[in-house]
C-alpha cells in the first residue's frame, strides 16, 4: 500500500472518526489535512461543541500523519488548547505535519 493511501485505510476502519464525519482533505507523507462539521449531537449542555470533538479531530490528524511512513505509530502524550467556543454547523479543519521524527524504543 502506498503511504498516501494509509490514512484512507485507517479511516475506513475507524468507526468513531466516521461517526464524527471526518473527511481527508489532503494527505502526503508526513502531512495530513482533515475536515468535519459540528453537528447537534456533538454539543454540550451550553450548546457549544464538546471539547472532545476538537480533540478527536486533532488526534486523528496526528495519527494519520504519523502513520504515513508505513510503520505503526502512536502518541505518548498530547494536549490541546481550546481558544474559541464552537457552534453547530461550524466547519473545522485540522492540519498535522511532522516537525521532527524521533525513534524511541527499549
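Read-outs throughout are calculated quantities, based only on the coordinates presented, and are distinct from any laboratory measurement. In this text the structure is predicted, and so the values were computed from the model without any measurement. Quick reminder, even Gly has a Cβ in these numbers, built from the backbone with ideal geometry, and neighbours come from all protein chains shown.
With R₀ fixed at 30 Å, the C-beta to C-beta distance from residue 90 to residue 1 puts the FRET efficiency at about 0.35.
If you average the sequence gap of Cα pairs under 8 Å that are 6 or more apart and divide by the length of the chain, what percent do you get for the contact order? Walk me through the numbers on the way to the answer.
Values: 149 pairs, mean separation 36.2, N = 106.
Relative contact order here is 34 percent.
Labels on offer are (1) 45; (2) 38; (3) 58, and the one holding percent of Cα pairs over 19 Å apart computed from this structure is (1). Judged by the mean number of other Cβ atoms found within 10 Å, the most tightly packed of the peptides 82-94, 32-44 leads the ranking 32-44, 82-94.
Fully extending the segment from residue 80 to residue 55, taken as 0.36 nm per residue of separation minus the present Cα-Cα distance, adds 8.3 nm. The ranking of 75, 17, 3 from fewest to most other beta carbons within 10 Å of each one's beta carbon is 75, 3, 17.
Determine the calculated [θ] at 222 nm for the chain from helices alone, applying -39500 (n - 2.57) to every DSSP H run no shorter than 4 residues and normalising by the residue count; nearest 500 deg cm²/dmol. Please list the in-between numbers first.
Details: 3 runs with 29 residues, N = 106.
Per the formula, -8000 deg cm²/dmol.
Between residue 43 and residue 14, the FRET efficiency estimated from the beta carbon spacing at R0 = 35 angstrom works out to 0.95.
Taking Cα atoms only, the orientation of helix 51-66 departs from the longest principal axis of the chain by about 20 degrees.
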